[in-house]
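Asker: The following block contains the structure, expressed as C-alpha cells.
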Amino acid sequence: MYISRLAEDNLKKWFDSGKVLLLLGARQVGKTTLLKNAFKLERTTYLNLDIEVDRQRLLSSVPLDPKSSLSLLGSPEILIVDEAQRVPEISRVVKGWYDFGVTTKIILSGSSSLNLLDQSAETLTGRNIKLFLPPLTFSEIISSQSWYQPELRLDKGNFRDQTDSILFTSLIYGSYPEAVKTLDKREYLNNLISDYLLKDILQVGLVKSPGTLRKLLLLLAYQVGSVVSINEIAGSLGISRQTVVKYLDLLEETFVIFQLPAYSTNPRKEISKSNKIYFWDTGVRNALIGEMQENNNRGDIGKLWENWVIAEFAKRNLLLGKQSVLYYWRSRNNSEVDLVVKNSKGEIQAFEIKWSKSSSKSKAFTSLYHLPVEVINMEKLPLILGRFGILSENNPT
C-alpha cells in the first residue's frame, strides 16, 4: 500500500523547473517509492549505485559525450540515480549533462547529505533544487487510514479515539513507512538500525570506532530533550571534544538526529552555547535502547512525547524548505520553553510540551519577550498541529 506524501507537490513543481533535483533523506523513508509512484513513465531509467551492475553501467557512460552517455543509459525522459553519493564524481558528470543542454530530467537521491551536498555546492550551484524527505508526518499517516475522510473533524468522538491510538503507536514505533504498515514493528526497527542506519553511517568512512559511535547513540537516546554537554559526552566516552562534534555532525548528515539551538537575543542572560538533540524518528530512538513497551506510564514518556511533537514540527519545516528556524529557550535560572518557532517574517511562537494535562507555562519567557507560551498536550494536540498544518490541512479544529 502506497502512502501519499506531502512531497508530491514539490516534485510536480520541480518537474517544470528544468533543474537537477537532489532528493535527500534516510534510507527506508520512502524516497524510491515516492519517485516510482510519481513518475510512471515508460522512458524512466532508474539506477541504484549500491548495486554494482548499475554503478558500472553509469561509470561506463562517463567517458562519452553527454548525448552519447545518456543514449547508453536509454535516452530516458527522467533519470533517477539512487544512492548517488556512492560515486564521488556524479555531480561533475551531471553538470556536464546539464550544461550541454540535455532534455533528460535528472534526480540524484541519497541517504547521506554529507558528500552529495558538498559536491553539488561546488559543481551544481544554481542548477539544482533540494528536497528533503523525512519519515512520515502524522498527517500522512492519518490520511492513509481507511476511515479517513477530508471533511472529518479528527478531534471529535470516535475519530479522536482512533487518532489517539495511531498517535501512541507512532510514539512507540515511529513513522518510517514500513514501521507504519508492518505487523512486526519491533523486528523491522531492529533490522533498520543494524542493516541500514548504522551501516550507512559507517560507510561514510569517518568513524574510527564503531563501538564508540554506538555508545554515543545510546547516550543521546537516553538524554533526548536534554541540553547536551559536548565535554561531558567526551569524558564519558573517553574521546576528544572534536571527535564528539564530528560524530554528531555525521549523525545529523545521515538523518538520524537533529539539533535545536538556544533562542537568545541577550546572550548575557540566556544560555546559547549548548544544543538540544532529538531523533527524527522516535521508533529509532526506542529501538536503540531496546525500550518498545506500549505503556503510557513508562518512565520516559514525557521526553518521548517532547521528541515526537518537536519532530513533527521539524519534519513539516523540512518539507516546506526550512522556512522557519526551531529553537528551545532556557534562562540562567533554568526557566525553560521546549520549542520556539521563528518564521521567515521573524515572528515568534513558543510552546511547552507536556504529556500530562498540565497547563503550566513559562512566565519568565512571557515577561521577557511579551509573548504567550502555549502548552501542547494530548488534549490540545489537534488544535496546535491543525493550526500549523501538521495534523491535517483539511481539518480545522
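The values are calculated or read from the model by the stated rules, or taken from the named source; none is laboratory data. Given the structure is predicted, the values throughout are model-derived calculations rather than measurements. Cβ atoms come from the backbone with ideal geometry, glycine included; neighbour counts cover every protein chain shown.
Asker: Please work out which residue is surrounded by the fewest Cβ atoms within 10 Å (Cβ to Cβ), limiting yourself to the range 348-367 and to residues that are within 9 Å of Val337 (Cβ to Cβ), under 28 Å from the mean Cα position of the chain (by Cα) and not aliphatic (A, V, I, L, M).
Answerer: Of everything passing the filter in the range 348-367, Glu352 is surrounded by the fewest Cβ atoms within 10 Å (Cβ to Cβ).
Asker: Just give me the residues in the range 41-58 being surrounded by 14 or more Cβ atoms within 10 Å (Cβ to Cβ), out of contact with any Asp or Glu (no Cβ under 8 Å at 6 or more places or on another chain) and among the aliphatic types (A, V, I, L, M), in sequence order.
Answerer: Answer for the range 41-58, where residues must be surrounded by 14 or more Cβ atoms within 10 Å (Cβ to Cβ), out of contact with any Asp or Glu (no Cβ under 8 Å at 6 or more places or on another chain) and among the aliphatic types (A, V, I, L, M): just Leu58.
Asker: Could you run through the range 296-324 and say how many residues are charged (D, E, K, R) and in a helix (DSSP H, G or I)? Walk me through how you get there before you give the answer.
Answerer: At the first step, the residues of the range 296-324 found to be charged (D, E, K, R) are 298, 300, 303, 306, 312, 315-316, 322.
Then keep just the ones that are in a helix (DSSP H, G or I); that gives 303, 306, 312, 315-316.
Matching residues across the range 296-324 total 5.
Asker: For the list (1) at pLDDT below 80; (2) within 30 Å of Leu202 (Cβ to Cβ), I need the number of the one condition that Leu47 fails.
Answerer: The number of the failed condition is (1).
Asker: Another question, then. Since Gln293 meets every condition but one in (1) in contact (Cβ under 8 Å) with a residue 60 or more places away in the chain; (2) part of a loop (DSSP other than H, G, I, E, B); (3) surrounded by 15 or more Cβ atoms within 10 Å (Cβ to Cβ), which condition does it not meet?
Answerer: (3)
Asker: Filter the range 72-98 for residues that are over 31 Å from the mean Cα position of the chain (by Cα) and either over 24 Å from Trp14 (Cα atoms) or exposed (fewer than 13 other Cβ atoms within 10 Å of the Cβ) (or both) and give the result.
Answerer: Across the range 72-98, the qualifying residue is only Leu72.
Asker: Okay, next question. Being among the basic types (Lys, Arg) and at pLDDT 65 or above is the filter here, so list the residues in the range 114-153 that pass it.
Answerer: Across the range 114-153, the qualifying residues are Arg127, Lys130.
Asker: Continuing with the same structure: Among the residues of the range 199-218, which ones are in a helix (DSSP H, G or I) and buried (at least 17 other Cβ atoms within 10 Å of the Cβ)?
Answerer: Those that are in a helix (DSSP H, G or I) and buried (at least 17 other Cβ atoms within 10 Å of the Cβ): Asp200, Ile201, Leu213, Leu216, Leu217.
Asker: Condition check: in a helix (DSSP H, G or I) and either in the same structural domain as Lys380 (by TED's automatic domain parsing) or free of Cβ contacts under 8 Å to residues at least 60 places away in the same chain (or both). Does Val244 satisfy that?
Answerer: Answer is yes for this residue.
Asker: Let me ask something else. Tell me the strands (runs of 3 or more DSSP E) entirely within the range 24-112 that contain at least 3 residues that are touching a helix residue (DSSP H, G or I) at 6+ places or on another chain (Cβ under 7 Å), in contact (Cβ under 8 Å) with a residue 12 or more places away in the chain and closer than 22 Å to Ala7 by Cα.
Answerer: Per the criteria, 78-82, 105-110.
Asker: Okay, next question. Would it be correct to say that Leu79 is touching a strand residue (DSSP E or B) at 6+ places or on another chain (Cβ under 8 Å) and over 17 Å from Gly18 (Cα atoms)? Quick ask: steps written out before the conclusion?
Answerer: Working: touching a strand residue (DSSP E or B) at 6+ places or on another chain (Cβ under 8 Å): yes; over 17 Å from Gly18 (Cα atoms): no.
No.
Asker: Among Leu237, Leu248, which is more than 16 Å from the chain's Cα centre (by Cα) and over 23 Å from Glu140 (Cα atoms)?
Answerer: After applying the criteria, what remains is Leu237.
Residue-by-condition table, conditions (1) hydrophobic (A, V, I, L, M, F, W, C); (2) within 27 Å of Gly302 (Cβ to Cβ); (3) touching a Gly at 6+ places or on another chain (Cβ under 9 Å):
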site: Glu187; (1), (2), (3): no, no, no
site: Leu198; (1), (2), (3): yes, no, no
site: Gln223; (1), (2), (3): no, yes, no
site: Gln242; (1), (2), (3): no, no, no
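Asker: If Asp338 meets every condition in (1) in contact with a Phe, Trp or Tyr (Cβ under 7 Å, 6 or more places away or on another chain); (2) under 17 Å from Val256 (Cβ atoms) apart from one, which number is that one?
Answerer: (2) is the only condition that Asp338 fails.
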